[in-house]
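The values are calculated or read from the model by the stated rules, or taken from the named source; none is laboratory data. Every value quoted in this text rests on a predicted model; they were computed, and no experiment measured them. FYI the Cβ positions are ideal-geometry reconstructions off the backbone, even for glycines, and counts take in every protein chain you see.
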Amino acid sequence: MSRLFEALQRSESERSGTPLTQSPPVATQLLQAAEAQGDDFGQCQRLQVSVSAESRLVSLTAKESLGAEKFRFLGVRLRQLRQNRPIKKVLVTSSIAEEGKSLTAANLALTLARRQQQRVLLLEGDLRRPVLAGQFGLSKLVGVSEALQGEFSPTRHIYYLEDPKLWFMPAGHPPENPLELMQSGRLTELMGRLAAGFDWIVIDSPPVLPLADTTVWARLADGVLLVAREGKTERQELKRGVEALGQTNLLGVVLNSCSDTDHSNYYQRYGPHVAGDAHGLGANGNNSNASSLSAEDRMTPPPKIQA
Ligand SMILES: Nc1ncnc2c1ncn2[C@@H]1O[C@H](COP(=O)(O)OP(=O)(O)OP(=O)(O)O)[C@@H](O)[C@H]1O
Ligand SMILES: [Mg+2]
């Protein structure tokens, strides 16, 4: 029995409570899909990360911090959502540039990877401005771009980061034609192979508004988290971002860099950090819901990720 099959069985057993002696149908399907492709993600190149405190990867460098705690809440909330609907590929995006998508995606993936026997892939879907290899203290690596331009191979395009126990697929070298590459159909095939081998895939993407890339990712993902940054995101931009994404698979909004620093009762106030489902967030784009950006009772407070 392959290691992949054993891992899938363990994962399925953990999720469903089915004893390991029985063959869970979902695990069998995953096995067939993955082994038909011959993908063994256990063979990926292993790398050691070198992360400074300034990186703001608090889920790795400051696990006891408030920021890390909030990412744990986000992970818990996602696992809760997954009890009611299939969510594996989670897209992290935002309306405009520099709202904290990459940091949120990386911290969320690090948090999810802390669970025993969960195979988590952090996938860098921003082919134009890759930053994640640098965040982990790694040199430039080949990844998504090269996999889409040639033959995908787990051992060439995916890396296993040993200390966080996280699989990482970097964007690779920025291609000349990112959108064309993504729309070639090879991305869909790639995502199918990845989905067969991982429990979670967290996708860091470009912003929604200026580019069409993110709508391609959104179609491939099971759910979308929209990051908004306090002091930067205008209400209208958030609303336009929600509208551009459509409401079909919007899981919620993550408010980055919240200035509310009253920690005294944060367990009460900072409950789950995914800000509700699409309806609670004004995903239908109407004004009253969109205006909930500052209403704490509707916008579940967010991870604070400043270190
Ligand atoms: N909560 C925060 N506190 C302080 N600095 C932050 C915070 N969130 C993000 N930053 C900083 O803002 C910059 C942009 O962050 P990040 O790269 O995560 O954003 P992004 O939305 O992915 O940007 P882009 O649109 O360029 O991909 C980085 O320098 C990051 O360190
Ligand atoms: Mg980014």
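Comparison of R156, R240 shows that the only residue that is of a type outside the set (A, V, I, L, M), more than 24 Å from Q83 (Cβ to Cβ), modelled with pLDDT under 95 and part of a helix (DSSP H, G or I) is R240.
Taking residues in the range 191-213 that are touching a residue at least 40 places away in the same chain (Cβ under 8 Å) and part of a loop (DSSP other than H, G, I, E, B), and partners anywhere that are surrounded by fewer than 22 Cβ atoms within 10 Å (Cβ to Cβ) and acidic (D, E), the pairs with Cβ atoms closer than 7 Å and at least 6 places apart or on different chains are L209/E237. Among all residue pairs at least 6 apart or on different chains, which show Cβ distances below 6 Å where the first residue, located in the range 27-51, is farther than 19 Å from A147 by Cβ and at pLDDT below 60 and the second is assigned to a helix (DSSP H, G or I) and of a type outside the set (K, R)? Going by the 6 Å Cβ cut-off, the qualifying pairs are A27/L8; A27/Q9; A27/E12; L30/L8; L30/A196; L31/F5; L31/L8. The single residue among A212, A171, A195, A218 that is under 30 Å from E234 (Cα atoms), assigned by TED's automatic domain parsing to the domain that holds E237, away from ligand 2 (no atom under 15 Å from the Cβ) and under 16 Å from the mean Cα position of the chain (by Cα) turns out to be A218.
If you go through the range 69-116 and keep only what is of a type in the set (A, V, I, L, M, F, W, C), farther than 22 Å from L161 by Cβ and away from ligand 1 (no atom under 16 Å from the Cβ), you end up with V76, L81, I87. Considering only residues in the range 130-140 that are modelled with pLDDT of 95 or more and more than 15 Å from L161 (Cβ to Cβ), the one that is nearest to ligand 1 (Cβ to nearest atom) turns out to be V131. The number of residues in the range 221-240 being over 16 Å from the mean Cα position of the chain (by Cα) and within 12 Å of ligand 1 (Cβ to nearest atom) comes to 5.
Table: residues versus (1) over 21 Å from S50 (Cβ atoms); (2) within 16 Å of ligand 2 (Cβ to nearest atom); (3) crowded, with 20+ Cβ neighbours inside 10 Å.
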position: F73; (1), (2), (3): yes, no, yes
position: Q80; (1), (2), (3): yes, no, no
position: K88; (1), (2), (3): yes, no, no
position: S94; (1), (2), (3): yes, yes, yes
position: A109; (1), (2), (3): no, yes, yes
position: A113; (1), (2), (3): no, no, yes
position: R119; (1), (2), (3): yes, no, yes
position: F136; (1), (2), (3): no, yes, yes
position: S153; (1), (2), (3): yes, no, no
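So for the range 174-181 (the condition being surrounded by 22 or more Cβ atoms within 10 Å (Cβ to Cβ) and closer than 16 Å to D39 by Cβ), does at least one residue qualify? Checked against the condition, which is being surrounded by 22 or more Cβ atoms within 10 Å (Cβ to Cβ) and closer than 16 Å to D39 by Cβ, the range 174-181 yields no hits at all. Inside the range 159-182, residues that are in a helix (DSSP H, G or I) and of a type in the set (A, V, I, L, M) make up a count of 3.
Out of the helices (runs of 4 or more DSSP H) lying entirely within the range 59-147, which hold 3 or more residues that are out of contact with any Lys or Arg (no Cβ under 8 Å at 6 or more places or on another chain) and touching a residue at least 40 places away in the same chain (Cβ under 8 Å)? Ranges flagged: 66-82, 101-113. Considering only residues in the range 182-221 that are among the acidic types (D, E) and touching a strand residue (DSSP E or B) at 6+ places or on another chain (Cβ under 7 Å), the one that is surrounded by the fewest Cβ atoms within 10 Å (Cβ to Cβ) turns out to be D199. Restricting attention to the range 48-75, which residues are of a type in the set (A, V, I, L, M) and within 15 Å of A109 (Cβ to Cβ)? Within the range 48-75, V49, V51, L57, V58, L60, A68, L74 meet the criteria. Note on the range 138-163: residues that are over 20 Å from A113 (Cβ atoms) and among the hydrophobic types (A, V, I, L, M, F, W, C) total 4. When N256 is tested against the conditions (1) at pLDDT 90 or above; (2) of a type in the set (S, T, N, Q); (3) away from ligand 1 (no atom under 16 Å from the Cβ), the lone failure is (3).
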